[in-house]
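Notes follow the structure.
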Amino acid sequence: MADYYTPTVVQPTIPYADMTPLEQLLLTQIFESEPNDDGLYFFAEIMPVNQFELPLETLRGALAASEGVASQAATFVIDRLKDAGGDYADIELDPSVTSWEFIFQDIVKRSATLDHVTVVSAFTCSRVRPDGFGGMAIVITADAILGKSTGDILADFLDQAGQGAAAAGVGSHILLSFAEEQVRAEIGHIIEGDEALTTIAADTVTDVDIRAGCLLAVEKSDLREERRAAIYKAALAAIREAERRQGNPA
């Protein structure tokens, strides 16, 4: 049996003053941490934690101590506490629901000293399996979260190589993509154009809502017919290009 690991480092040190008590509580559960000057250095020797439990009173106390500061962490915890009840003293949290990247982004947005946070992860395995090694780098600013895995980088290299004659025939081509800022703009157009659609304002739709909507749309979309049509058109175009190159037009 193979074990997979994702050792991770977060840089730079996150100042205590830039974190709400709730953000600090959540981040110290997701990552390991060490005090460094006036902040915490976050890291994970094995991998960031995907699920953990906290005492309800501890969570409520951190939320109360963070009152008045809007954050994805607060929104996540408030929603989770709505489901808490009964005689349970602890509550189970899944940080992937909001994603720790957005917690760091909130910190950068309000920080007077940080203009970005970087996160670098290695993908390793206890056995030398072909799917067990690689890595990822993420840059988090107040306005964007950008990331690339080594798989993405290799795909970029293959695309570049596919532009040359030596690598022709092995390239891949992206037919469709869309950016989340385009979805943001479309939300405004949709709500403005259909007053009966919803009572909410466009600016109340958060970046997290848009990310969730994009993932759901991709999951529900079936572009197999469009893909087959594009391949057929590409094959016809290649035939015409070969005819033109050989001076033998149809």
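Taking V139 as meeting all but one of (1) modelled with pLDDT under 90; (2) surrounded by fewer than 19 Cβ atoms within 10 Å (Cβ to Cβ); (3) in contact with a strand residue (DSSP E or B) (Cβ under 9 Å, 6 or more places away or on another chain), write down the number of the exception.
Against the list (1) modelled with pLDDT under 90; (2) surrounded by fewer than 19 Cβ atoms within 10 Å (Cβ to Cβ); (3) in contact with a strand residue (DSSP E or B) (Cβ under 9 Å, 6 or more places away or on another chain), V139 comes up short only on (1).
If you scan the stretch 4-23, which residues turn out to be under 22 Å from L93 (Cα atoms) and assigned to a loop (DSSP other than H, G, I, E, B)?
Selection gives T6, P7, M19, T20.
Please verify whether L154 is at pLDDT below 90 and of a type in the set (A, V, I, L, M), treating the condition exactly as stated.
In short, yes.
Criterion first (in a loop (DSSP other than H, G, I, E, B), modelled with pLDDT under 80 and of a type in the set (A, V, I, L, M)) does V218 satisfy it?
no
Output the residue which, of all residues in the stretch 24-77 that are of a type in the set (D, E) and part of a strand (DSSP E or B), is surrounded by the most Cβ atoms within 10 Å (Cβ to Cβ).
E32
Could you check how many residues of the stretch 1-20 are farther than 30 Å from P130 by Cα and surrounded by 15 or more Cβ atoms within 10 Å (Cβ to Cβ)?
Residues flagged as farther than 30 Å from P130 by Cα and surrounded by 15 or more Cβ atoms within 10 Å (Cβ to Cβ) within the stretch 1-20 amount to 6.
So R129 ticks every box in (1) farther than 26 Å from Q29 by Cβ; (2) assigned to a strand (DSSP E or B); (3) touching a residue at least 60 places away in the same chain (Cβ under 8 Å) but one. Which box is left unticked?
Result: R129 passes all but (2).
Being at pLDDT below 85 and not basic (K, R) narrows it down to one residue among G162, G134; which is it? Steps first, answer last, please.
Values: G134 fails: at pLDDT below 85.
Residue meeting the stated conditions: G162.
The values are calculated or read from the model by the stated rules, or taken from the named source; none is laboratory data. It should be emphasised that the depicted structure is a prediction, and the values quoted were computed from it without experimental measurement. As a convention, Cβ positions derive from the backbone with ideal geometry for all residues, glycine included, and neighbour counts pool all protein chains shown.
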